[in-house]
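One structure is given here, and the rest of the page talks about it.
The values are calculated or read from the model by the stated rules, or taken from the named source; none is laboratory data. Keep in mind it's a predicted model, so treat the numbers as computed, not measured. Ideal geometry is used to build each Cβ from the backbone, glycine not excepted, and the neighbour counts take in all protein chains shown. Areas reflect the complete protein model, heavy atoms only, side chains present, ligands, DNA and RNA absent. Shrake-Rupley method; radii C 1.70, N 1.55, O 1.52, S 1.80 Å.
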Amino acid sequence: MSDHVHDLASLREATDRLLDAAAKLDNAAVAEPSRLPGWTRGHVFAHLARNADALVNVLEGRPMYASAEVRDADIERDAPRPLDVQLADVRETWGHLQEVAAAPADWTRTVTLRNGVTDSASRIPFRRLVEIELHHVDLGIGYELEDLPAEFTAREIEFLADRFSGHDGLPPLRLAAPGGAGWATGRAEGEPLTVTGTAPDLLGWLAGRRDGSALQCTGGPLPALPPL
């Protein structure tokens with residue numbers, strides 16, 4: 001079971017870190033490309049704000065988004081806004097999410113996210129933490145995968161390895177990082193390939209932020225990952 005209290009504290013720290021770093025930008029920087037194809041930094045900020053609204057919906061038992069089309073349209077609508085409006089929106093929607101998370105609730109209940117995905121309510125703070133930490137990196141403003149807290153990196157590797165576990169489009173894999181950390185993913189049957197690298201490089205590959213060129217794969221070539 002996830003410790004939602006611990007994750008909410010980590011989320012507060014990560015959100016403050018992102019907002020403090022973003023406050024040093026200007027309007028021109030907001031309109032510049034992020035590291036995500038087709039998205040400016042404004043798109044990233046708009047997504048983070050609308051994602052907070054969506055997670056409030058999840059915690060209160062409503063559909064996460066009205067539809068995929070509405071989600072995308074809202075991000076496109078909000079992306080061109082100036083920096084002060086963007087950051088105020090991220091801050092205010094995060095404040096609302098905190099208020100909802102602070103209300104008495106059954107954190108063991110099952111909630112529904114996008115595309116019919118279900119999870120424990122206790123995992124919602126960590127899912128939001130993933131959004132904040134990885135999109136902070138996506139902004140391209142000096143915060144890199146190597147700057148992520150080690151605990152977060154290990155948990156996100158485990159989370160992504162679980163998502164790919166049993167996937168027919170991926171051979172069995174053993175992921176290994178210095179210090180003895182290891183994870184298994186891909187198909188269950190067959191001799192596994194061993195993918196070795198630093199935890200940030202493994203995370204970057206699994207999360208689609210790096211191409212895997214810094215990793216070593218024994219037993220065969222590094223496979224292409226299916227879409228998340």
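Here are the numbers:
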read-out	value
Among 11, 122, 173 the positive-end extreme of the charge dipole of the chain (Cβ point charges)	173
Antiparallel DSSP beta bridges within the chain, as percent of all bridges there, nearest 5	75
Accessible area of residue 189 in the full protein assembly, 1.4 Å probe (Å², nearest 10)	110
Gyration tensor verdict on segment 12-142 (Cα atoms; rounded if a/c is under 1.5, prolate if a/b is larger than b/c, oblate otherwise)	prolate
Within the chain, helix-based [θ] at 222 nm, where runs of 4 or more DSSP H residues each add -39,500 (n - 2.57), nearest 500	-15500 deg cm²/dmol
Relative contact order of segment 26-76, pairs being alpha-carbon contacts under 8 Å that are 6 or more residues apart, as %	26
Centroid-to-centroid separation of segment 155-228 and segment 8-74 [C-alpha atoms, Å]	27
Sequence ranges 100-106, 47-53, 182-188, 162-168, ranked by mean other-Cβ count within 10 angstrom, highest first	47-53, 182-188, 162-168, 100-106
Probe 1.4 Å, all protein chains present, accessible-area order of 153, 118, 194, largest first	118, 194, 153
